[in-house]
Amino acid sequence: MADEKEQKIIIEREYIVPLRREYLNVPKYRRAKRAVHALKEFIAQHMKIYDRDLRKVKVDVYLNNEIRFRGMRSPLPKVRVKAIKYEDGTVSVKLVDIPKHIEFEMARNVRKQVESLKKSKDSEETKGKLKPEETAGVLGKEKTEDAASKQDTKEKEESSKLATEAFEKQKAKQMEHTSKMANETPKIQRKALKR
């Protein structure tokens with residue numbers, strides 16, 4: 001993502017790409033793969049990529065997942081995308097109308113990345129590789145190690161402990177219940193066949 005922001009944008013366009021005509025000509029188990037290939041061909045043609053090199057068309061993960069959402073055998077018949085061509089000749093393709101469940105997933109992934117960055121910066125700071133002032137500059141925020149953030153972390157730790165205890169109690173209760181069921185022998189009832 002950082003590379004895309006640094007590169008200079010040449011063209012930015014929106015398209016509604018028809019996929020059905022292309023994927024109907026292949027076996028059902030290859031339809032989603034052919035739909036993605038058709039999307040890349042369409043973008044390469046319309047964004048004027050040199051030699052129509054499909055390796056220069058980068059399809060967003062969420063767009064790929066949305067095409068394959070209904071399964072490999074029945075991909076979307078058409079999709080609305082936003083194509084951005086960069087100075088180096090590559091084109092990135094993204095969804096225009098992002099569904100709510102994908103927005104939620106994108107936000108969750110961003111949060112995970114930020115948390116992993118913070119953890120890695122904190123571990124480097126404790127090892128003595130970085131100074132606290134450098135970490136504040138790297139994250140683009142001022143140092144947030146004040147009393148409020150410490151209290152928040154304590155509250156989170158306490159709530160996680162309570163949640164794990166509750167989960168362990170529930171698991172123990174389930175195991176107790178299943179062990180009683182396992183000890184009982186099932187009663188077999190045999191009925192005589194009438195002749």
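Checking the table K33/K56; K119/K173; K100/K150 against a 29 Å threshold on Cα-Cα, which pairs fail? Exceeds cut-off: K119/K173; K100/K150.
Converting phi to 3J(HN,Hα) with the Karplus coefficients 6.51, -1.76 and 1.60 and the offset θ = phi - 60°, the stretch 58-73 yields 10, 8, 5, 4, 5, 5, 4, 5, 5, 5, 8, 4, 8, x, 6, 8 Hz in sequence order, with x at every glycine or proline.
Sorted by average packing, counted as other Cβ atoms within 10 angstrom per residue and highest first, what order do 98-109, 73-84, 36-47 take?
Working: 98-109: 11.8, 73-84: 16.8, 36-47: 19.0.
For the peptides 98-109, 73-84, 36-47, the packing ranking is 36-47, 73-84, 98-109.
Computed from phi, the 3J(HN,Hα) profile of the stretch 30-41 under the Karplus parametrisation 6.51, -1.76, 1.60 (θ = phi - 60°) reads 10, 5, 5, 4, 5, 5, 5, 5, 5, 4, 5, 4 Hz, with x in place of Gly and Pro. Residues whose amide H falls under 5 Å from that of I10, counting only those 5 or more places apart or on a different chain, are K85, Y86, E87, with hydrogens built in the peptide plane.
Laboratory data are not the source of any read-out in this text; all were calculated from the coordinates shown. Quick caveat, the model's predicted, so the values are computed rather than measured. Ideal geometry is used to build each Cβ from the backbone, glycine not excepted, and the neighbour counts take in all protein chains shown.
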